[in-house]
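Notes follow the structure.
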Amino acid sequence: MKKFYLLLFTTSVCVLGFGQKTTGNFNGSFETYNQIYRKDLKIGAVLPPDRVGSNNYLKLDYNYSQFTVGVQLEAYLPSTQGYPFIANDNKIANKYFKYTATNFSLQVGDFYEQFGSGLVFRSWENRQIGINNSIEGANFQITPLPFIKLKTIYGRQRNNFNYNNSNIRAIDAEIDFSKINAINSPTKVVAGFSYVSRYEPYTGPIQNFPATVKATSTRLDLSGANTSFSVEYVHKKRDPHAANNFVGTPGKALLSNFTFTQNNFGATATFRAMSNMDFRSEREATGSASLMNYIPALTKQHDYLTTNIYVYNAQRQAEVGGQTDWFLYAPKGSSLGGKYGSNFSMNFSHYRGLKNASNIFSVGNKEYFHDFNLEWKKKLTENLSFILVYQNVFYNRLVIEGEPLPDVKANTIVLNSIYKYAKKKTFRFELQHLATQQDKGNWVALLTEFSFAPKFTFYWNDLYNYGTTNTHYQTVGGSYSKSGTRLGLSYGRQRAGLFCVGGVCRYVPASSGFTVMLNTTLHNKQ
């Protein structure tokens, strides 16, 4: 089968490229992430069997007229520590052929897709956290009328270099009422419905065990000039599997978002409640493997070393909560804005368990997480600006990490200053402090960075735990960028803990040593 796909790709390129006067567009990218480990008992960094970890990705796409073909070669030689892929191998992981017309498209091979917010279904790739749950099969999309979109997919989900022993069948329909000629309204109204079915054979002794699990989603989006509102409800049939300890109750979830902007003010509010929403393509899978839906942590995604020590990981089995953001711009010349203006923001997120698992609106007594933070961005002179951040966090370690450890209450302050001392040359300095009486106690962090745009960046940072372990996590490094290519080098320590991207997390073990990264893009258009 792999040889067939490779032959299909090569033949398509030859036919479309060399059989026509116009050769079309060729695009590609290459990414490599490498770590050279050293033993470091001070931070608990244990040497793996191979002292080198290397994750590599080569992606090639060719487009001519309405036809597109592509492949992705991946090599883990072996994978870096803590990465979900453990293969010491290289293979063509993704391959596809796509035809696109005015009102429909057909893609055969490996593809990514999302229905609505992804609460009921999403296949996607994120190399940083080791997720690639693409679907091998067929993806057909059609727009029979200007205001109706239909998607139909069929296939099996990727699991490392293999595929899960199940079939996924799904359909999504969306209607945009604002595109109906008879309706003339400044408010855009879009409604959607999704149906997802997963079939995995079952030969065990339990009677009436659901080999087929079905889930449906209904959503509505309203948006006007200053305000938008969206709501989505998902219901999943009985879905006993290893990750939920083979609980046979149905799953349900509700997600709503509200946004308001007016002049220099903006506000958002998000609410989510769910029960038994761990939806997988293989019932024996655990961890981040084989997930079919997308449930990120709906909290603020922070940028600093100390504010990322205690991060939330969404609890798919039972959770209720949300977050709100408030933004205010004080214009130039105002009492708050001063000469250059100021930006103020406030964010608060809060999540708890359910009192009754069958009722997603029953707020329980157990608090999982909260994050209250304030941010002030201010330009002092033409060349000097700063960001001041305050954060208050509650972190339930038993729930989030699965360890019977005390809850953490922490307060963090960050000062981030940027000075432009010459054209295209900047110096950034960060001073951070996290105070807590639990876990490992207090942390302080320093960062200095010199940037010579657009090519060079050099930095040094130190995250120091004092009073308990008295351990420094220092890193020194830099990068060089030119014409779509970026090379990064660093040496230092990595703290063990949750590493999150876009609200989705994976655990990374402590490590120490060298890191080498290279990203480059390939493009040819004639």
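The values are calculated or read from the model by the stated rules, or taken from the named source; none is laboratory data. Keep in mind the model is a prediction, meaning the values are calculated, not measured. Positions of Cβ are backbone-derived with ideal geometry, glycine not excepted, and every protein chain shown enters the neighbour counts.
List the strands (runs of 3 or more DSSP E) that sit entirely inside region 311-392 and contain at least 2 residues that are of a type outside the set (Val, Ile, Thr) and more than 29 Å from the chain's Cα centre (by Cα).
342-356, 359-379
Please go through (1) farther than 25 Å from Tyr421 by Cα; (2) polar (S, T, N, Q); (3) in a strand (DSSP E or B); (4) touching a Lys or Arg at 6+ places or on another chain (Cβ under 7 Å) for Thr521 and return the number of the only condition it doesn't satisfy.
Of (1) farther than 25 Å from Tyr421 by Cα; (2) polar (S, T, N, Q); (3) in a strand (DSSP E or B); (4) touching a Lys or Arg at 6+ places or on another chain (Cβ under 7 Å), only one is false for Thr521: (4).
I'm trying to understand the selection: among the residues of region 277-310, which are in a loop (DSSP other than H, G, I, E, B), aliphatic (A, V, I, L, M) and over 10 Å from Gly503 (Cβ atoms)?
Hits for region 277-310 are Met277, Ala285, Ala289, Met292, Leu305, Ile309.
Of the conditions (1) in a strand (DSSP E or B); (2) over 30 Å from Gly118 (Cβ atoms); (3) in contact (Cβ under 8 Å) with a residue 24 or more places away in the chain, Phe499 satisfies every one except a single condition; which number is it?
Failed condition: (2).
Which of the following residues is free of Cβ contacts under 8 Å to residues at least 24 places away in the same chain and more than 29 Å from Glu382 (Cα to Cα): Asn465, Asn470? So that I can check it myself, show each step before the final result.
On the way: Asn465 fails: free of Cβ contacts under 8 Å to residues at least 24 places away in the same chain.
Within the list Asn465, Asn470, the selection yields Asn470.
Within region 232-245, does at least one residue satisfy the condition of being in contact with a Leu (Cβ under 7 Å, 6 or more places away or on another chain), surrounded by 16 or more Cβ atoms within 10 Å (Cβ to Cβ), in a strand (DSSP E or B) and among the β-branched types (Val, Ile, Thr)? Walk me through it before giving the result.
Of the residues in region 232-245, the ones in contact with a Leu (Cβ under 7 Å, 6 or more places away or on another chain) are 232-234.
Okay, now just the ones that are also surrounded by 16 or more Cβ atoms within 10 Å (Cβ to Cβ), so 232-234.
Of the ones still in play, those that are also in a strand (DSSP E or B) are 232-234.
Those left that are additionally among the β-branched types (Val, Ile, Thr): 234.
Within region 232-245, one or more residues are in contact with a Leu (Cβ under 7 Å, 6 or more places away or on another chain), surrounded by 16 or more Cβ atoms within 10 Å (Cβ to Cβ), in a strand (DSSP E or B) and among the β-branched types (Val, Ile, Thr).
Of the residues Ala297, Ala314, Ala285, which single one is among the small types (Gly, Ala, Ser), more than 26 Å from Leu447 (Cβ to Cβ) and surrounded by 20 or more Cβ atoms within 10 Å (Cβ to Cβ)?
Details: Ala297 fails: more than 26 Å from Leu447 (Cβ to Cβ); Ala285 fails: surrounded by 20 or more Cβ atoms within 10 Å (Cβ to Cβ).
Answer to the selection: Ala314.
Being within 17 Å of Met292 (Cα to Cα) and not acidic (Asp, Glu) is the filter; apply it to region 103-116 and report the residue that is surrounded by the most Cβ atoms within 10 Å (Cβ to Cβ).
Phe115
Can you name every residue in region 257-276 that is in contact (Cβ under 8 Å) with a residue 40 or more places away in the chain and either crowded, with 17+ Cβ neighbours inside 10 Å or not in a loop (DSSP other than H, G, I, E, B) (or both)?
So in region 257-276, the residues in contact (Cβ under 8 Å) with a residue 40 or more places away in the chain come out as 264-276.
Result: Phe265, Gly266, Ala267, Thr268, Ala269, Thr270, Phe271, Arg272, Ala273, Met274, Ser275, Asn276.
Conditions tested, residue by residue: (1) more than 29 Å from the chain's Cα centre (by Cα); (2) at pLDDT 90 or above.
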{"position": "Thr11", "(1), (2)": "yes, no"}
{"position": "Cys14", "(1), (2)": "yes, no"}
{"position": "Thr23", "(1), (2)": "yes, no"}
{"position": "Gly28", "(1), (2)": "no, yes"}
{"position": "Tyr33", "(1), (2)": "no, yes"}
{"position": "Arg38", "(1), (2)": "yes, yes"}
{"position": "Ile43", "(1), (2)": "no, yes"}
{"position": "Asp50", "(1), (2)": "no, no"}
{"position": "Ser54", "(1), (2)": "no, yes"}
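Restricting the search to region 365-403, which residues are surrounded by 14 or more Cβ atoms within 10 Å (Cβ to Cβ) and among the acidic types (Asp, Glu)?
Glu367, Asp371, Glu375, Glu401
For region 198-206, indicate whether the set of residues that are under 23 Å from the mean Cα position of the chain (by Cα) and in contact (Cβ under 8 Å) with a residue 24 or more places away in the chain is non-empty.
So far as region 198-206 goes, no, none of its residues is under 23 Å from the mean Cα position of the chain (by Cα) and in contact (Cβ under 8 Å) with a residue 24 or more places away in the chain.
Kindly provide the set of residues from region 141-178 that are on the phi < 0 side of the Ramachandran plot and outside any strand (DSSP E or B), ordered by number.
Once the filter is applied, which keeps residues that are on the phi < 0 side of the Ramachandran plot and outside any strand (DSSP E or B), region 141-178 yields Pro146, Phe147, Phe161, Asn164, Asn165, Ser166, Phe177, Ser178.
Scan region 433-478 for residues that are among the charged types (D, E, K, R) and more than 23 Å from Val393 (Cβ to Cβ) and report the count.
Of the residues in region 433-478, 2 are among the charged types (D, E, K, R) and more than 23 Å from Val393 (Cβ to Cβ).
So, in region 500-515, exactly how many residues are of a type outside the set (S, T, N, Q), under 25 Å from Gln72 (Cβ atoms) and surrounded by 17 or more Cβ atoms within 10 Å (Cβ to Cβ)?
6
Can you confirm whether Leu291 is more than 30 Å from Ser223 (Cα to Cα) and within 22 Å of the chain's Cα centre (by Cα)?
For Leu291, the condition - more than 30 Å from Ser223 (Cα to Cα) and within 22 Å of the chain's Cα centre (by Cα) - is met.
Within region 80-102, how many residues are surrounded by fewer than 16 Cβ atoms within 10 Å (Cβ to Cβ) and either of a type outside the set (Val, Ile, Thr) or in contact with a Leu (Cβ under 9 Å, 6 or more places away or on another chain) (or both)?
Number satisfying all stated conditions: 9.
Closer than 29 Å to Gly503 by Cα and modelled with pLDDT of 95 or more: is that true of Phe111 in this structure? Steps first, please.
Working: closer than 29 Å to Gly503 by Cα: yes; modelled with pLDDT of 95 or more: yes.
Considered against the rule, which asks whether it is closer than 29 Å to Gly503 by Cα and modelled with pLDDT of 95 or more, Phe111 comes out as yes.
Within the bounds of region 144-154, is there any residue that is surrounded by 15 or more Cβ atoms within 10 Å (Cβ to Cβ), aliphatic (A, V, I, L, M), within 30 Å of Asn55 (Cβ to Cβ) and in contact with a Phe, Trp or Tyr (Cβ under 8 Å, 6 or more places away or on another chain)?
Scanning region 144-154 turns up at least one residue that is surrounded by 15 or more Cβ atoms within 10 Å (Cβ to Cβ), aliphatic (A, V, I, L, M), within 30 Å of Asn55 (Cβ to Cβ) and in contact with a Phe, Trp or Tyr (Cβ under 8 Å, 6 or more places away or on another chain).
Which residue is nearest to the chain's Cα centre (by Cα), if the candidates are limited to region 207-222 and must be of a type in the set (S, T, N, Q) and at pLDDT below 95?
Asn208
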